[in-house]
Amino acid sequence: MLTNYQLILITVPERKTAEDIAGGLLAQRLAACVTLVDGVSSLYWWENAIHKSSEVLLIAKTRTALMPEVLLFVKARHPYNVPEVISFQIADGNPAYLNWLGANTKFTAAPGGEKETAALNPPIADKPIT
């Protein structure tokens, strides 16, 4: 079963940028959750040479319909000329989690024009951010 949700991978050069982007995505309800993974090593081609960088990986969970807004948001705040922003459609998962994801992202018009819906009673977070 395919869902209307995406998993997005974003790499940034340091923790502060990761927290700023994650916090902004959450504040604007462009993502319901962003996981930060420190200590990622990336090897890649850039300007005709192979480079190695230490990065922070963000794993964001959102609605498929919000992906264009997420991309614009990240590009406007990212220090790289060509930021890595890659999304994958979530094929399946815990129904309660997927309902929570939908209930905690902003609502948009679905591709067919109808409004996306979410669960009425999402689970309560264990530790709210204060």
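One residue stands out in region 51-78 among those that are surrounded by 15 or more Cβ atoms within 10 Å (Cβ to Cβ) and basic (Lys, Arg): the one that is farthest from Ala31 (Cα to Cα), namely Arg63.
Conditions tested, residue by residue: (1) within 20 Å of Lys106 (Cβ to Cβ); (2) touching a residue at least 60 places away in the same chain (Cβ under 8 Å); (3) under 14 Å from the mean Cα position of the chain (by Cα).
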| position | (1), (2), (3) |
| --- | --- |
| Ala31 | yes, yes, yes |
| Leu36 | no, no, yes |
| Ser41 | no, no, no |
| Ala49 | no, no, no |
| Ala60 | yes, no, yes |
| Arg63 | yes, no, yes |
| Met67 | yes, yes, yes |
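Here Asn81 fulfils each of the conditions (1) outside any helix (DSSP H, G or I); (2) buried (at least 18 other Cβ atoms within 10 Å of the Cβ); (3) out of contact with any strand residue (DSSP E or B) (no Cβ under 6 Å at 6 or more places or on another chain) apart from (2).
Take region 5-38 and flag every residue that is part of a loop (DSSP other than H, G, I, E, B) and either of a type in the set (A, V, I, L, M) or modelled with pLDDT under 95 (or both).
Taking region 5-38 as the starting set, the residues that turn out to be part of a loop (DSSP other than H, G, I, E, B) are 13-14, 28-32.
Those that are part of a loop (DSSP other than H, G, I, E, B) and either of a type in the set (A, V, I, L, M) or modelled with pLDDT under 95 (or both): Leu30, Ala31, Ala32.
Select from region 21-68 the residues that are among the acidic types (Asp, Glu) and in contact with a Pro (Cβ under 9 Å, 6 or more places away or on another chain) and list them in ascending order.
First, the residues of region 21-68 that are among the acidic types (Asp, Glu): 38, 47, 55.
Hit for region 21-68 is Glu55, nothing else.
Pairs meeting the criteria (first residue in region 7-20 and surrounded by 14 or more Cβ atoms within 10 Å (Cβ to Cβ), second residue among the small types (Gly, Ala, Ser) and modelled with pLDDT of 95 or more, beta carbons under 6 Å, at least 6 apart or on different chains) are Ile8/Ala60; Ile8/Ser87; Val12/Ala18.
The values are calculated or read from the model by the stated rules, or taken from the named source; none is laboratory data. Given the structure is predicted, the values throughout are model-derived calculations rather than measurements. Cβ coordinates were reconstructed from backbone atoms using ideal geometry, including for glycine residues, and neighbour counts include every protein chain displayed.
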